[in-house]
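Shown next, in structure tokens, is the structure this report addresses.
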Amino acid sequence: MEFYVLLISFFIIALIYSSVGFGGGSSYLALMGVMAISMNVMRPAALLCNIVVVTSGTFIFYKEKLLDFKKSWPFLISSIPFAFLGGYWPITENTFFKILGVTLVVASIILWIQRDYQPDKEHSVSENKALNLGLGGGIGFLSGLVGIGGGIFLSPILHFIRWDQVRKISALASVFILVNSLSGLAGQLSRSGSLDWKFILPLLLAVLIGGQIGSRLGARRFNTVYIKRTTAILILVAGLNILKDHW
């Protein structure tokens, strides 16, 4: 019964997150963390679900010519090796759950205070390549270590520094989640080399269906403020519960 609840929850998360360009990794991890699923099962499962959900969104953004690789490359080129390193990094299960709990709490705060912002074209470009490289590498390492895509951290920061227009930020977040998830998964498999497909495959099917529906409905069908606030509350509760059990 718990697994069926997990399947339905993953479907709903993928449907909602895909409508706003995210993969849902933080919420997948929050759910599995509350259910005390093993770290070695949780991390690759969340990353694979991310990959399934954001792949189609990334393709749509590319077709709409919203992906500006001339501006995006510092984030991507630094995040890929660091996400691999984070995935490969040895970590005990207790330490993992502590980091996951803190990550979820921080993510919930960021989601709650984030405001949508549409900068003017004259003030829409942040070209600080050193900052962009550092952000990509830092978030990439955390992504591989914990098993998130990183978009939940990157997107609010890009809005805050006025990196570019909203749609272009969503496009970068989508491809950032994709490459981080692929690289982090590669790092994890380089160390463990095994996946629990019996557990993972039904979840992948659930997020595939949910993600396809959500990407076609689009964010216009959902109030993004409500999505962020509701998600913030859910992952805050999950994060605090994980910390209570593992600190």
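Among the residues of the stretch 1-35, how many are touching a residue at least 40 places away in the same chain (Cβ under 8 Å), of a type in the set (Ser, Thr, Tyr) and either surrounded by fewer than 24 Cβ atoms within 10 Å (Cβ to Cβ) or touching a Lys or Arg at 6+ places or on another chain (Cβ under 6 Å) (or both)?
Residues in the stretch 1-35 being touching a residue at least 40 places away in the same chain (Cβ under 8 Å), of a type in the set (Ser, Thr, Tyr) and either surrounded by fewer than 24 Cβ atoms within 10 Å (Cβ to Cβ) or touching a Lys or Arg at 6+ places or on another chain (Cβ under 6 Å) (or both): 1 in total.
In the stretch 142-160, what count of residues is obtained for those that are under 13 Å from the mean Cα position of the chain (by Cα) and surrounded by fewer than 24 Cβ atoms within 10 Å (Cβ to Cβ)? Outline the logic, then answer.
Our first condition is that a residue be under 13 Å from the mean Cα position of the chain (by Cα); within the stretch 142-160, this holds for 142-156.
Now drop any that are not surrounded by fewer than 24 Cβ atoms within 10 Å (Cβ to Cβ), which leaves 142, 153, 156.
Total meeting the criteria: 3.
Given the criterion under 23 Å from ILE110 (Cβ atoms) and not charged (D, E, K, R), identify the matching residue among LEU178, LEU205, LEU195. Talk me through it step by step, then tell me what you get.
Working: LEU205 fails: under 23 Å from ILE110 (Cβ atoms); LEU195 fails: under 23 Å from ILE110 (Cβ atoms).
Exactly one residue qualifies, and that residue is LEU178.
Checking ARG220 against (1) under 25 Å from ILE113 (Cβ atoms); (2) modelled with pLDDT under 80; (3) surrounded by 12 or more Cβ atoms within 10 Å (Cβ to Cβ), which single condition isn't satisfied?
(3)
State whether one or more residues within the stretch 192-200 are of a type in the set (S, T, N, Q), part of a helix (DSSP H, G or I) and surrounded by fewer than 23 Cβ atoms within 10 Å (Cβ to Cβ). Steps first, answer last, please.
Here is the first cut: in the stretch 192-200, the ones of a type in the set (S, T, N, Q) are 192, 194.
From what's left, part of a helix (DSSP H, G or I): none.
No, the stretch 192-200 contains no residue that is of a type in the set (S, T, N, Q), part of a helix (DSSP H, G or I) and surrounded by fewer than 23 Cβ atoms within 10 Å (Cβ to Cβ).
In the stretch 161-175, how many are crowded, with 24+ Cβ neighbours inside 10 Å and more than 17 Å from the chain's Cα centre (by Cα)?
1
Of all helices (runs of 4 or more DSSP H) completely enclosed by the stretch 1-85, which ones contain at least 2 residues that are of a type in the set (Val, Ile, Thr)? So that I can check it myself, show each step before the final result.
Working: elements: 2-19, 25-34, 39-63.
Once the helices (runs of 4 or more DSSP H) in the stretch 1-85 are filtered for at least 2 residues that are of a type in the set (Val, Ile, Thr), what remains is 2-19, 39-63.
Would you check which residues across the stretch 167-193 are over 21 Å from SER79 (Cβ atoms) and either touching a Leu at 6+ places or on another chain (Cβ under 6 Å) or touching a residue at least 40 places away in the same chain (Cβ under 8 Å) (or both) and list them? If you could, list the steps in order and put the result at the bottom.
Taking the stretch 167-193 as the starting set, the residues that turn out to be over 21 Å from SER79 (Cβ atoms) are 192-193.
Correct list: SER192 only.
Please indicate, with yes or no, whether at least one residue in the stretch 91-109 is at pLDDT 85 or above and either farther than 22 Å from ILE235 by Cβ or outside any helix (DSSP H, G or I) (or both).
So far as the stretch 91-109 goes, yes, one or more of its residues are at pLDDT 85 or above and either farther than 22 Å from ILE235 by Cβ or outside any helix (DSSP H, G or I) (or both).
For the stretch 183-196, does any single residue satisfy the condition of being modelled with pLDDT of 95 or more, touching a Ser or Thr at 6+ places or on another chain (Cβ under 8 Å) and not β-branched (Val, Ile, Thr)?
Yes.
The values are calculated or read from the model by the stated rules, or taken from the named source; none is laboratory data. All values derive from a computational prediction rather than experimental measurement. All Cβ positions, even for glycine, are placed from backbone atoms using ideal geometry, and neighbour counts span all protein chains on display.
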